[in-house]
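Asks: This structure is in structure tokens; I'll ask about it shortly.
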Amino acid sequence: MLIEAVVWDFDGTIVDTETPQYEAWDTVFQEHGARMDPRVWGEMVGTHSQLDLLDVLEREVGPVRREAMARRVRALEEQYLASAPLRPGVGDLLKELREAKVPSAIASSSHRQWIRRFLEAHAIERHFQGIASADDVREVKPDPAVYVLAVRILGKEPGETLAIEDSAHGATAALAAGLRCLVVPNPSTERLLFPAGVVRVPTLAGVTLPILQQLFSD
């Protein structure tokens, strides 16, 4: 495979927004004498889950003040997200891809406003040719629609495009769209079972374009 383009997942891949959100929920669960099950959280990552975590909490501890709890979670999320950095190696790889004229796009189950908030905060928006988000498709991951759209934005073929993901839902979507997939789990997703056919690395630190080409050489 010659990598002609890269489509990046956003949450948990470029910026680990997922672990701070998990920690916010876990803090609230602990305040009520319970713990947020990381396996439950991992199954929610990378898609729009119908699971209400306040329902989960109430099943464990009984009725809670739901509006107050929701406000508490949001406040903690903002507090923890304020210091969320780029994941290791992301900045260097984005710069290398741009210099090599290998275009990048984002395919995310999140909304565009959320994604742009962090791209602007880290001053990396210029590295991306476009964003395919939940605002653009009927179904989010594991449906492949956002990846199909991202490849179209880049003007490339799926078989020459690499997806970089952190979640099982995202990897499933990328493979279904015909892309190869590199998985870089974060603490919220490292225990998940990923689909066959992905290549997994612990971090992007030190991962260069030649290394990617070697990992996916046929």
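Where a number appears in this text, it was derived from the coordinates with a stated rule and is not lab data. The structure displayed is predicted, hence computed values, not measured ones. FYI the Cβ positions are ideal-geometry reconstructions off the backbone, even for glycines, and counts take in every protein chain you see.
Asks: Stretched out fully, how many nm does the piece from GLU43 to ALA205 gain, at 0.36 nm a residue minus the Cα gap? Mind showing how you got there, number by number?
Replies: Values: separation 162, 0.36 × 162 = 58.32 nm, distance 2.59 nm.
Length difference between fully extended and current span is 55.7 nm.
Asks: Between ASP52 and HIS122, how high is the FRET efficiency from 1/(1 + (r/R0)^6) when r is the Cβ-Cβ distance and R₀ = 35 Å? Nearest 0.05. Before the final figure, lay out each step's value.
Replies: On the way: r = 31 Å, r/R0 = 0.89.
E between ASP52 and HIS122, to the nearest 0.05, is 0.65.
Asks: Moving on to the next point. Report the relative contact order of the chain, percent, no decimals, based on alpha-carbon pairs under 8 angstrom and at least 6 residues apart. The partial results should precede the final answer.
Replies: Numbers: 378 pairs, mean separation 64.3, N = 218.
Value for the chain: 29 percent.
Asks: Calculated FRET efficiency, GLU160 and GLU78, Cβ-Cβ r, R0 41 Å, to nearest 0.05? Show your work: numbers first, answer last.
Replies: Values: r = 39 Å, r/R0 = 0.96.
The computed FRET efficiency comes out at 0.55.
Asks: Please work out the C-alpha center-to-center distance from segment 134-170 to segment 13-86 and express it in whole Å.
Replies: 26
Asks: Among (1) 16.9, 52; (2) 17.6, 56; (3) 18.4, 59, only one was calculated for this model; which label is it, if the read-out is Rg and Dmax of the Cα atoms in Å?
Replies: (2)
Asks: Shifting gears a bit: Can you pull out the trypsin sites (Lys or Arg not before Pro) in segment 55-141 whose DSSP state is coil and whose Cβ has at most 15 other Cβ atoms within 10 Å? Please list the in-between numbers first.
Replies: Values: sites: ARG59, ARG65, ARG66, ARG71, ARG72, ARG74, LYS95, ARG98, LYS101, ARG112, ARG116, ARG117, ARG126, ARG138; in loops: ARG65, LYS101, ARG138.
Passing both the DSSP loop test and the Cβ count: ARG65, LYS101, ARG138.
Asks: By how many nm would the segment from THR27 to GLU67 lengthen if fully extended, with 0.36 nm per residue of separation less the alpha-carbon distance? Could you put the intermediate results ahead of the total?
Replies: Working: separation 40, 0.36 × 40 = 14.40 nm, distance 1.63 nm.
Gain in length upon complete extension: 12.8 nm.
Asks: Rounding to the nearest 20 debye, state how big the charge dipole of the chain is about its Cα centre with +1 on each Lys and Arg Cβ and -1 on each Asp and Glu Cβ.
Replies: With Lys and Arg at +1 and Asp and Glu at -1, about 260 debye.
Asks: A further question on this structure: Go ahead and run the numbers for FRET between ALA100 and LEU193, Cβ-Cβ distance against an R0 of 41 Å, rounding to 0.05. Walk me through the numbers on the way to the answer.
Replies: Working: r = 33 Å, r/R0 = 0.81.
So the FRET efficiency works out to roughly 0.80.
Asks: Can you put THR19, THR13, THR203 in order of Cβ neighbours within 10 angstrom, beginning with the fewest?
Replies: Neighbour counts put them in this order, fewest first: THR203, THR19, THR13.
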